[in-house]
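The values are calculated or read from the model by the stated rules, or taken from the named source; none is laboratory data. The shown structure was predicted, so the numbers you read here are calculated from the model rather than taken from an experiment. Cβ placement follows ideal geometry from the backbone for every residue including glycine, while neighbour counts extend to all protein chains displayed. The accessibility values were calculated without ligands, DNA or RNA, using every heavy atom of the protein model including side chains. Shrake-Rupley method; radii C 1.70, N 1.55, O 1.52, S 1.80 Å.
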Amino acid sequence: MFGYFGSMTDHVTFWLLISLGSLYGLIHAALWNGSKRVFGLNQNSAVLSISVIVAARNEERNIGRLLESLIAQNYPSGSFEIIIVNDRSTDSTTTIIETFRNTCSNIRLVSIESNTSDMPNKKNALRTGIAESKFDILAFTDADCVVGREWLKNISGSFSDNVGAVAGYSPYGKEHTSSFLRYEENKNSLLAASAAGLDDAYMCTGRNFAYRRSVYNEVGGFEKIKQSISGDDDLFIQVVQSETKWKIRYMVSPESFVRTHPPESFRQFVNQRTRHVSAS
């Protein structure tokens, strides 16, 4: 009797392992296929007009570095604007932005004193920035990031007539970053890039993201995803993927990377991942 159950257990275990192994192989084959498509895409030489939009709240430690990197773009100054949405800051963020604005005419400051809408704070700030912007291509990053000099050039070169959104990689800086955090970011970015290559984009980061104003209007802005505190990136790209015919492209050139600070503590890391999971 026990021999019978033992053989049955072995039989079930064998086929379970075969099934899991096959699934593992299929997933990796799909990832390989998607990544090949992403890395096989070429940049064009278009110089599109771009509005860079950044939501900032109490970012006095970071906003200066970001603005320096945006001002230093290897891109025609008349073809981009920088809109900083100061979202109810109580530190010296406004003063720092004003200092940069005095020396760079591309920078525009939009201030929010209070949020009386039913839209979560960051989405409300981004929505406000979009409303104030003047160009068709909308590019987004965060106040604690630093962009490379070729960032806008890579964004512009990734858009073709059928591309509605462009996502990119945002690694943590190597200094003071654990190998585990770098692995997590690399893994998630590989999944995001491969999914975009398979025309099934579901994930991206708002630190390195761009889309057409017409796409934003077509899906109704953030209205469909306002129930989530976060999700101005992941949830938005899912809406674009499912409700429009636009292509979504993922940038892989190192010149398109946007570097950011890693979480400063394990609690920050858990909070960050909790926000991502809640958006998903």
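What are the residues in segment 168-189 that are within 16 Å of the chain's Cα centre (by Cα) and either at positive phi or free of Cβ contacts under 8 Å to residues at least 24 places away in the same chain (or both), if any?
Of the residues in segment 168-189, the ones within 16 Å of the chain's Cα centre (by Cα) are 168-172, 184-189.
Selection gives Glu184, Glu185, Asn186, Lys187, Asn188, Ser189.
Residues Ala165, Ala201, Ala210: which one is touching a Phe, Trp or Tyr at 6+ places or on another chain (Cβ under 6 Å) and either surrounded by 23 or more Cβ atoms within 10 Å (Cβ to Cβ) or in contact (Cβ under 8 Å) with a residue 40 or more places away in the chain (or both)?
Working: Ala201 fails: touching a Phe, Trp or Tyr at 6+ places or on another chain (Cβ under 6 Å); Ala210 fails: touching a Phe, Trp or Tyr at 6+ places or on another chain (Cβ under 6 Å).
Among Ala165, Ala201, Ala210, only Ala165 is touching a Phe, Trp or Tyr at 6+ places or on another chain (Cβ under 6 Å) and either surrounded by 23 or more Cβ atoms within 10 Å (Cβ to Cβ) or in contact (Cβ under 8 Å) with a residue 40 or more places away in the chain (or both).
Based on this model, can you work out whether Lys134 counts as over 17 Å from Arg65 (Cβ atoms), surrounded by fewer than 15 Cβ atoms within 10 Å (Cβ to Cβ) and in contact with a Ser or Thr (Cβ under 8 Å, 6 or more places away or on another chain)?
So Lys134 passes the test.
Please find, within segment 80-126, the residue that is nearest to Ile229 (Cα to Cα) out of those that are open to solvent by 20 Å² or more (accessible area, probe 1.4 Å) and touching a residue at least 40 places away in the same chain (Cβ under 8 Å).
Taking the candidates together, the pick is Pro120.
Here are the criteria: (1) in a helix (DSSP H, G or I); (2) modelled with pLDDT of 90 or more. Tell me which single one Arg267 does not satisfy.
(2)
In the set Ser242, Ser253, which member is open to solvent by 30 Å² or more (accessible area, probe 1.4 Å), at pLDDT 95 or above and of a type in the set (Ser, Thr, Tyr)?
The unique qualifying residue is Ser242.
Could you please let me know if Arg273 is at pLDDT below 95, more than 15 Å from Pro120 (Cβ to Cβ), outside any loop (DSSP other than H, G, I, E, B) and more than 18 Å from the chain's Cα centre (by Cα)?
no
Rundown of residues vs (1) part of a helix (DSSP H, G or I); (2) modelled with pLDDT of 90 or more, yes/no style:
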| residue | (1), (2) |
| --- | --- |
| Glu175 | no, no |
| Leu181 | yes, no |
| Ala192 | yes, no |
| Tyr202 | no, yes |
| Ser214 | yes, yes |
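Return the total of residues in segment 56-67 being in contact with a helix residue (DSSP H, G or I) (Cβ under 8 Å, 6 or more places away or on another chain) and within 16 Å of Arg108 (Cα to Cα). Give the derivation first.
Our first condition is that a residue be in contact with a helix residue (DSSP H, G or I) (Cβ under 8 Å, 6 or more places away or on another chain); within segment 56-67, this holds for 56-60, 63-64, 67.
From what is left, the residues that are within 16 Å of Arg108 (Cα to Cα) are 56-57, 63-64, 67.
Within segment 56-67, residues that are in contact with a helix residue (DSSP H, G or I) (Cβ under 8 Å, 6 or more places away or on another chain) and within 16 Å of Arg108 (Cα to Cα) number 5.
Has segment 169-190 got at least one residue that is crowded, with 22+ Cβ neighbours inside 10 Å and within 23 Å of Ala72 (Cα to Cα)?
Step one: of segment 169-190, the residues crowded, with 22+ Cβ neighbours inside 10 Å are 169-170, 189.
Then keep just the ones that are within 23 Å of Ala72 (Cα to Cα); that gives 169-170.
Scanning segment 169-190, I find at least one residue that is crowded, with 22+ Cβ neighbours inside 10 Å and within 23 Å of Ala72 (Cα to Cα), so the answer is yes.
For segment 120-174, what are the residues that are in contact with a strand residue (DSSP E or B) (Cβ under 9 Å, 6 or more places away or on another chain), more than 19 Å from Asp234 (Cβ to Cβ) and among the acidic types (Asp, Glu)?
Glu132, Asp136
Of all the residues that make up segment 216-236, how many are in a loop (DSSP other than H, G, I, E, B) and modelled with pLDDT of 90 or more?
Selection size over segment 216-236: 8.
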